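Remarks on the structure that follows.
The values are calculated or read from the model by the stated rules, or taken from the named source; none is laboratory data. What you see is a predicted model; the values in this text were computed from it and never measured. Note that we place each Cβ from the backbone using ideal geometry, even for glycine, and neighbour counts take in every protein chain shown.
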Amino acid sequence: MMNDFDNYICEENLSIAWIKAFLKVMNTNEVSPLIVSITGFENGTPIELNEIRRLLDNNLVINKTNLNVNQVANTIFPVSIWNKAKPRQLLYDRYFRIYPKIKKDRRNCYGVYFSRMTAYLPKGSSGKPINQLEDIIKLWTETKRNQNKNPRRTALQINIYDPTRDLTSQPRRGFPCLQHVTFAPFGRDGLVVTGFYALQHIYERAYGNYLGLCRLGHFVAHAMGLKLVRMNCFSGIANLGKIPKSALSVLKKQLLEKYTKNI
C-alpha cells in the first residue's frame, strides 16, 4: 500500500507539479508508480510559471537533447494548428498535410501520438484508419442530443499502444511510452483527462507530456461543451531519462534556490 499517497502530486500549477516530480525522481532514481494531477486552468490553458519552462528549455539545450517542452507537447496535441472557431476537420486535415514532414524526424519513425489518436490502423488491417478522437466526441454529442444523457464514462477512451506494431523484442524503442488516454465527465460541466504511461522520462519529457495532455483535454472539452478541470498523468515507472543525474545537479540547485517556497 502506498504510504498516504507518497507518490501522488496534485498542484494547480503545472510548473510546480513538474518540479516536484523532477526532484522526487532525482532523489530516488526511479519512482513506481508516479501520479501527477494538474487542477489549475485559465480558459482551458494550464497555469504555468514561464520562468520554469524557460529554465528547463535552456537546460535541455545545454544537455543537447534536441528537445524542448513545446515539441514534446505537440506530439500529443498540435495546438498551433487548432482554430477553435473552425470545424474540427480542419485541424485533422492540416495535421495530415504536415504529417509526412513530421514522420521524417527519426524520433518519429514509429509514429506520433496524435496520429495514433486520429488514424489508428493495426498492421495488416484492410479497413479505414479510425479517428478515435473524433469518434468519442461524436458519441458524446450524439448521445446528448438524441438521448439527453451522457454516454457511459468507460466509452471515452483512446488507445495509443498497438500490439501489431509495438510488441517487439527491441531492447529500446522509445515509442509509445503513452499507452492510453481516457476522458471522463466530472460534475455538472467538467472534464477530466487521464494519460497512462508505462514509462516516463521526467527530465526530458514529462513537462511537455503534462502540457500536451492538458491541451488535448482542452480540445475535447471544447468540442463537448465542457470545461477542462483536471489532468491526471499516471506513470508505471518514472525515471529521469537518458541524461545522467550528474548533468542535472545545476538544474536541481537552481530549482531549489528559486522555488523552494512553492514546493
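So here's what we get for this one:
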| quantity | calculated |
| --- | --- |
| Counted residues, the stretch 97-150 - those being among the hydrophobic types (A, V, I, L, M, F, W, C) and surrounded by fewer than 14 Cβ atoms within 10 Å (Cβ to Cβ) | 2 |
| Filter result (in contact (Cβ under 8 Å) with a residue 24 or more places away in the chain and under 21 Å from GLN157 (Cα atoms)) within the stretch 99-124 | GLY111, VAL112, TYR113, PHE114, ARG116, MET117, THR118, TYR120, PRO122, LYS123 |
| Options VAL72, VAL31: the member that is at pLDDT 95 or above, touching a strand residue (DSSP E or B) at 6+ places or on another chain (Cβ under 6 Å), closer than 23 Å to TYR197 by Cβ and of a type in the set (A, V, I, L, M, F, W, C) | VAL31 |
| Complete set of residues in the stretch 145-177 that are charged (D, E, K, R) and either in a strand (DSSP E or B) or closer than 27 Å to ASN74 by Cβ (or both) | ASP162, ARG165, ASP166, ARG172, ARG173 |
| Helices (runs of 4 or more DSSP H) completely within the stretch 1-88 that count 1 or more residues being of a type in the set (D, E, K, R), surrounded by 15 or more Cβ atoms within 10 Å (Cβ to Cβ) and touching a residue at least 60 places away in the same chain (Cβ under 8 Å) | 14-28, 50-62 |
| Selection from the stretch 138-178 of residues that are β-branched (Val, Ile, Thr) and within 25 Å of TYR210 (Cα to Cα) | THR154, ILE158, ILE160 |
